[in-house]
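Here's the structure we're looking at; comments come further down.
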Amino acid sequence: MKVAIAGATGFVGSRLVDRLQQDGAEILVLSRRPEKARRLFPNSAFPKVSVVGYDPMQSGEWQESISGCTGVVNLAGTPIADNRWTPEYKQSILESRRVTTAKLAEAIERAADKPSVFVNASAVGYYGTSETATFDESSQPGNDFLAQVCQTWEAEAQKVKALGTRVAVLRFGIVLGPGGALGKMLTPFRLFVGGPIGSGRQWVSWVHRDDVVRLIVEALSNPSFSGVYNATAPNPVRMNTLCQVLGEVMGRPSWLPVPEFALELLLGEGAMVVLKGQQVLPKQALAEGFEYRYPTVKPALEEVLAEFDR
């Protein structure tokens, strides 16, 4: 197997590279900053990794490298909750996903030896937000900004089907691992001032990072994986529960809630990513027989915290 990955230096992508190399695959890392990628994946430790510099917003010679790859994985995009949602930042969130996906699809179309599978990330934001509804892959999309982003993102990926390439779209939940959203939550807990964010009643559709990586590998290697899959654990929890369990695992209290206005001051409209949620179930992955290593949140948090301490 030879796999091209856009977004390989990120939180999920870097673990995916580790896993694919362990499996004996060749990995082509597409990076806007190739020198950074080569430092992250030095040849001495990653002999099966090659790095190609690319501009994900432009067609170019980099697209030629897709020919001969077995699969392409697209994890690229401007971070959702790292900055205040100005009109310019919202445009970057949308366009970084739409255009990168379109340019990868263009590369697949031009390839003399086309990849057999295209695995494209999306997000559970597709469904909009709700404290009461339960969503699976058959549910209708929401109508807020993130739902519109996800619909546009997925539509670009699905165009590849017309080329004879299998498409698997994975709608990510909140990914738990040493970094990411959980990494930002740990500091207040370590200082004994941790607690739920906002009302605490919002649903958190989470997934352990290793299960996300295993889902991607399954999508790459299993021909029956086609269509849309919720990359979430089968047991979502409310924010109150997540923070209570996190406090238990860390041996810290979970008593000081973070008020909504504080996040809104920091992130503006982007605060909705944390303050509102959705209960999303991985119906399709379970139907395919995928077995989660971390189906419930406490063992997942215990493993992540142990990895932080290693």
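The values are calculated or read from the model by the stated rules, or taken from the named source; none is laboratory data. Note that the coordinates shown come from a computational prediction; the quantities given were computed from them, not determined experimentally. Because the Cβ atoms are built from the backbone with ideal geometry, glycine has one as well, and the counts that use them run over all protein chains shown. Keep in mind that these areas ignore ligands, DNA and RNA; they rest on the heavy atoms of the full protein, side chains included. Shrake-Rupley method; radii C 1.70, N 1.55, O 1.52, S 1.80 Å.
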Qualifying residue in the stretch 113-120 (condition: surrounded by fewer than 17 Cβ atoms within 10 Å (Cβ to Cβ) and either modelled with pLDDT under 95 or not in a helix (DSSP H, G or I) (or both)): yes
Selection from the stretch 18-60 of residues that are open to solvent by less than 30 Å² (accessible area, probe 1.4 Å) and either closer than 13 Å to Met1 by Cβ or of a type in the set (Lys, Arg) (or both): Leu20, Ala25, Ile27, Leu28
In the stretch 63-74, the residues that are open to solvent by 20 Å² or more (accessible area, probe 1.4 Å) and in contact with a Phe, Trp or Tyr (Cβ under 9 Å, 6 or more places away or on another chain): Ser65
Test for Ala231: is it in contact with a helix residue (DSSP H, G or I) (Cβ under 7 Å, 6 or more places away or on another chain) and not basic (Lys, Arg): yes
All positions within the stretch 1-17 that are open to solvent by 40 Å² or more (accessible area, probe 1.4 Å) and either assigned to a loop (DSSP other than H, G, I, E, B) or free of Cβ contacts under 8 Å to residues at least 24 places away in the same chain (or both): Met1, Thr9, Phe11
Boolean, Ser44 is more than 26 Å from Gly270 (Cα to Cα), assigned to a loop (DSSP other than H, G, I, E, B) and free of Cβ contacts under 8 Å to residues at least 40 places away in the same chain: yes
Filter pass, Glu137 being loosely packed, with under 15 Cβ neighbours inside 10 Å and in a loop (DSSP other than H, G, I, E, B): no
